[in-house]
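Inspection log for the structure reproduced underneath, given as structure tokens.
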Amino acid sequence: MARNVLYPLYQLGNPQLRVFRTNFFIQLVRPGTAQPDDTVQFRIPMEMTRVDLKNYLERIYNVPVSAVRTRVQHGSNRKRDHRNVRLKKPDYKVAYVQLAHGHTFTFPDLFPEKKLGPEGGSAEDNIRDQLLEAQQRKESRDPRRGGVPEWFGL
């Protein structure tokens with residue numbers, strides 16, 4: 001899993017428990033087209049293989065994986081800079097991970113709909129309306145002053 005790392009066979013005291021961390025970072029991506037419930041899409045480094053990804057998910061996150069499919073997405077090079085030189089976006093690898101039988105994945109709802117209060121509006125709207133009414137009561141003129149501004153003391 002790790003790239004070009006040589007670990008010493010013997011360490012002073014010969015510790016039996018060694019933790020090796022990976023050099024790879026993967027991104028969970030929301031797919032553009034509809035995928036089956038047991039398929040998850042990741043963006044992975046170009047050097048990472050499908051076996052590395054399967055081991056990564058099974059050993060670090062304890063996710064049962066049945067199959068991994070990968071493809072290389074080529075970055076576009078249609079843009080040009082101020083010197084009219086083409087700019088190319090970097091290529092990246094996309095991996096489709098099929099979870100084991102019976103496991104599904106759904107994206108969490110990060111922006112849920114607002115809950116409606118008893119009068120039909122949301123609870124936040126009711127609180128906002130109450131605060132605005134209280135502020136307007138404070139700012140309204142005192143009828144006992146007879147049109148004399150507040151800054152002029154009586």
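The values are calculated or read from the model by the stated rules, or taken from the named source; none is laboratory data. As the structure is a prediction and not an experimental result, all values here were calculated from the model. No Cβ is skipped: glycine too gets one built from the backbone with ideal geometry, and neighbour counts run over all protein chains shown. These area figures cover heavy atoms from the full protein model, side chains too; ligands, DNA and RNA do not enter into them. Shrake-Rupley method; radii C 1.70, N 1.55, O 1.52, S 1.80 Å.
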Pair Glu47, Arg71: separation of 7 Å Cα→Cβ label points (nm): 2.6
Net length gained if the chain between Trp151 and Asp91 were fully extended (0.36 nm per residue, minus Cα distance): 14.9 nm
Accessible-area composition of the stretch 23-154, carbon plus sulfur, in percent [1.4 Å probe]: 53
Write out the GluC sites (Glu not before Pro) in the stretch 49-154 meeting two conditions: DSSP loop, and at most 15 other Cβ atoms within 10 Å of their Cβ. Glu113, Glu119, Glu150
Between Val63 and residues 5 or more places away or on another chain, which pairs have amide H atoms under 5 Å apart, with H built 1.01 Å from N, and which residues are they? Glu58
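Please find the FRET efficiency linking Gln27 to Asp81, where r is the Cβ-Cβ separation and R0 is fixed at 30 Å, and quote it to the nearest 0.05.
Values: r = 27 Å, r/R0 = 0.89.
Approximately 0.65, to the nearest 0.05.
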What nm distance separates the two modelled labels at Asp38 and Thr104, each placed 7 Å from Cα along Cα→Cβ? 1.2
I want to make sure I understand the PRE zone here: with the label point 7 angstrom from the Cα of Asp125 toward its beta carbon, which residues in the stretch 85-114 have backbone N atoms less than 17 Å away? 112-114
Give the residue list of trypsin sites (Lys or Arg not before Pro) in the stretch 18-118 that are DSSP loop and have at most 10 other beta-carbon atoms within 10 angstrom. Arg18, Arg21, Arg78, Arg83, Lys115
